[in-house]
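Beneath this line is the structure, given in structure tokens, with notes to follow.
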Amino acid sequence: MSETTSNGNEYGFLIDASRCIDCRACLVACSVENEVPMETTRIWIQETGVQGEFPNLARFSAPYHCMHCDDPSCVSACTVGALQKGDDGIVTYDQDRCIGCRYCMYACPFQVPNYEWKEQLPLIVKCDMCVSRLSDGHSIPACAATCPTDAIIFGKKSDMLAEAHRRIDQNPGKFMNHVYGETENGGTATFYISPVPFAELGFPAADEASPAYFNRLVTHGTPTVAGAVAVGLSSVYLTIKHHAEATAQGVGAAHGQNQAGPNEAEGAVVGTAVPQNPDLPQAAQGQEA
Amino acid sequence: MLKKIIDEVKSLSIGYYILAVIAAAGLSVAGYRLYAGLGTTTNLSKAFPWGVWISFDLSTVAFSGGAFTLAALVYVFHLHELHSAVRPTVLVGLIGYASVLLILFMDLGRWDRFYHFLIYPNLNSALFEVSWCIMLYSTILIYELSPVLLKNSRWSGAIKIIEKWTIPMVIAGVTLSTLHQSSLGTLFIVMSPRLHALWHSMLLPVFFLISSLAAGLAMVIAGAILSYWIFKRTLAENVQAELAWFIPWILSIYLVLKVGELEITDELHLLFSSGKYSTLYLTELALLVVPLILFAIKRVRHSRGWSLTGAAFVLAGVVLNRFNASWFAIKPVAGEMYSPSWMEVAILIGVLATAVLAYSLIAHYFPLFEETVPVERPPKRQPSLAQTGD
Ligand code: SF4
Ligand code: SF4
Ligand code: SF4
């Protein structure tokens, strides 16, 4: 169902909720790296709240940022194509293009894109896998580089997915048997494993098919619909015109000319030639009242 | 010349002045919004990045659907007896679209780049398609209206040439309208995770298109009746009745499709089990069932008072539908809800006042309620038309 097919070169994340200690170093790192204030950072923490009964209390958390979907809804939605999915799997944002319509914010099933609400001329705030760092060939995104417990790891997408399954398989009972991001929204490049159900972490239950796919089903039909409507209207026009000319000479040909005047017959009679009434000034009718 | 204009302005009734003051106040707030940014002036948030402005845009575009519905009936289906309704309706359409464009401009965080949709296309985006269609269609509406504006002016010679191209332009206009009326529904297809299942449907574009036909016709009828009272000019009763005749048919198709789609996708049970959403949806249905019944009665179609009631129900039903799809039926994130700030509302009221003012002035000064060919006008009407002469 996805338009993008894997080329094996995509990057990806593996985020392990059992390792996250909610230190928020990743938030600071991202804020510094990308020069965005902390309140509109591209990454934030989802957490369960305190669970269980004293003394067996537990609280789980996980960093949360753009999933870099395989078939991203935001890319499909963006009016001006400011959001793009690259061959490396990164969903990038062109801040010189964005017109600030905020359609992407509604389109994203994970409610990822954030907005600089405080600015006079605001932009979208969204993780781009630190694409400018990656260009040197050996650096990794700031959040992954900073995380003290390796709760965020970064690498080839296929490796990340394999590692996610390996951890689940080799630690029976430790994780839920679900790699979040593997099928969500048609598959993503960010994989999560967690000891608790993802709903408890506040992750949305995204469908397996990306809404972008259904969107394309309709928008790709547009030229066909346009052509069909135009051709249909033209043929209706010509058919009725021809018919009218054949039956009552002169009537119907002078379209755009005055043929109105109140029609005696009630109801709509499609295709019937209208008797040409003497012009009755509308203004005069209004004055009767 | 200047003195004449001043005298003319002085002769206008108090209603125009009140509208002008409201418009000026609202538009000043709009100026402040452009300066200060969205965060300080609106209640929009990450959970609700769209608000009352988008709901207004959707409703207004639906209301303006009369222009293309009527153009199709008159020019394409040759129902020439309806021709007298075309001009006022095209004007309503044009002013409607102008208001939508103004509000859309307010809604763009980067309004300084509004033209980017012209140079950076994303063919997958419903919003891209809507923007283009609205822009092109507005130019066609100006074209369709130009004979009214040019008549009695020194360029009246151009009218002949303009009218020669009416049919191709009308067909282009109807095609563009079909596209953007439906694309406004497509907008919400990608929002399936947020929009409640009662509204989300693959048929959204069809629903939006059909309901815009009903809303457009209702607007023509309501407009004719109101201008009968305000401007003492209106449509012939039979024309109005004939327009109303279409409404029950359109509404029946719409309601059958809407409820039928719920049945097919196995969502019919949501109709009574979704609390607040059920209430909203059922209200929407009820608001449209009433005019369906009303306009099926011949006496109603021929009565001004009853027709206005029926039209008001259609308009209310369609407005509620648009507000539901873009606001009320958007599921909150983490309990966060949205309600507009006073500035969002003030800007809307200002734009509405501007729209009503523009319509009234044009109806006052231009031969809006007449036919394309000069008709014998009673001499009483002459003074108000003299303005464009010199
Ligand atoms: S998570 Fe949201 S913002 Fe990120 S790629 Fe997917 S749809 Fe786009
Ligand atoms: S807000 Fe910007 S990035 Fe988002 S859809 Fe609109 S133009 Fe595209
Ligand atoms: S990859 Fe870079 S931009 Fe994305 S959340 Fe991590 S630090 Fe921020």
Test: residue in region B:19-38 that is basic (K, R) and away from every other protein chain (no Cβ under 14 Å): no
Among (1) out of contact with any Ser or Thr (no Cβ under 6 Å at 6 or more places or on another chain); (2) away from every other protein chain (no Cβ under 14 Å); (3) in contact (Cβ under 8 Å) with a residue 24 or more places away in the chain, the one test that A:D136 misses: (3)
Residue in region B:107-119 that is part of a helix (DSSP H, G or I), in contact (Cβ under 8 Å) with a residue 24 or more places away in the chain, closer than 30 Å to B:L320 by Cα and more than 16 Å from ligand 1 (Cβ to nearest atom) present: yes
Residue count, region B:238-252 (criterion: farther than 17 Å from B:V86 by Cβ and of a type outside the set (G, A, S)): 6
Where B:E144 falls short, out of the listed (1) charged (D, E, K, R); (2) surrounded by fewer than 21 Cβ atoms within 10 Å (Cβ to Cβ); (3) assigned to a helix (DSSP H, G or I): (2)
Helices (runs of 4 or more DSSP H) contained in region A:44-157 and holding at least 3 residues within 16 Å of ligand 2 (Cβ to nearest atom) and buried (at least 24 other Cβ atoms within 10 Å of the Cβ): A:73-77, A:103-107
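Provide a single number: the residues in region B:80-117 that are within 21 Å of B:Y143 (Cα to Cα) and either at the interface with chain A (Cβ under 8 Å from one of its Cβ atoms) or not β-branched (V, I, T) (or both).
Number satisfying all stated conditions: 16.
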Single unsatisfied condition, B:A218 versus (1) more than 17 Å from B:R322 (Cβ to Cβ); (2) surrounded by 24 or more Cβ atoms within 10 Å (Cβ to Cβ): (1)
Cross-chain or 6+ apart pairs with Cβ under 6 Å, region A:167-182 first and touching a residue at least 12 places away in the same chain (Cβ under 8 Å), then assigned to a helix (DSSP H, G or I): A:F175/A:I168; A:V179/A:A164
Sole exception among (1) surrounded by 21 or more Cβ atoms within 10 Å (Cβ to Cβ); (2) of a type outside the set (F, W, Y); (3) modelled with pLDDT of 95 or more; (4) more than 19 Å from B:Y16 (Cα to Cα) for B:T372, by number: (3)
Close pairs from region A:75-96: first within 12 Å of chain B (Cβ to nearest Cβ) and closer than 18 Å to B:M191 by Cα, partner within 13 Å of ligand 3 (Cβ to nearest atom) and modelled with pLDDT of 95 or more, Cβ under 7 Å, at least 6 apart: A:V75/A:V91; A:L83/A:V91; A:L83/A:Y93
A:E10 vs. criteria within 14 Å of chain B (Cβ to nearest Cβ) and away from ligand 2 (no atom under 16 Å from the Cβ): no
Within region B:74-118, considering residues that are out of contact with any helix residue (DSSP H, G or I) (no Cβ under 6 Å at 6 or more places or on another chain) and among the charged types (D, E, K, R), the one surrounded by the most Cβ atoms within 10 Å (Cβ to Cβ): B:E81
Scan of region B:298-343 for residues that are of a type in the set (K, R), over 30 Å from A:Y103 (Cα atoms) and either free of Cβ contacts under 8 Å to residues at least 40 places away in the same chain or surrounded by fewer than 22 Cβ atoms within 10 Å (Cβ to Cβ) (or both), ordered by number: B:K298, B:R299, B:R304
Selection count where residues are buried (at least 20 other Cβ atoms within 10 Å of the Cβ) and of a type in the set (S, T, N, Q), scope region A:159-203: 4
Checking B:P205 against (1) more than 22 Å from B:L70 (Cα to Cα); (2) at the interface with chain A (Cβ under 8 Å from one of its Cβ atoms); (3) at pLDDT 95 or above, the condition it does not meet: (1)
Lone unmet requirement of (1) more than 16 Å from A:D71 (Cβ to Cβ); (2) crowded, with 16+ Cβ neighbours inside 10 Å; (3) within 16 Å of ligand 1 (Cβ to nearest atom) for A:S210: (1)
Filter result (under 24 Å from A:V36 (Cα atoms) and more than 13 Å from ligand 3 (Cβ to nearest atom)) within region A:150-164: A:D150
Selection from region A:104-137 of residues that are away from ligand 3 (no atom under 12 Å from the Cβ) and either closer than 27 Å to A:Y180 by Cα or not assigned by TED's automatic domain parsing to the domain that holds A:N34 (or both): A:C104, A:M105, A:Y106, A:A107, A:C108, A:P109, A:F110, A:Q111, A:P113, A:Y115, A:I124
Among the candidates B:F246, B:F295, residue that is touching a Gly at 6+ places or on another chain (Cβ under 7 Å), touching a residue at least 12 places away in the same chain (Cβ under 8 Å) and within 14 Å of chain A (Cβ to nearest Cβ): B:F295
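The values are calculated or read from the model by the stated rules, or taken from the named source; none is laboratory data. These numbers come from a predicted model, not from an experiment. Every residue, glycine among them, receives a Cβ derived from its backbone with ideal geometry; neighbour counts consider all protein chains shown.
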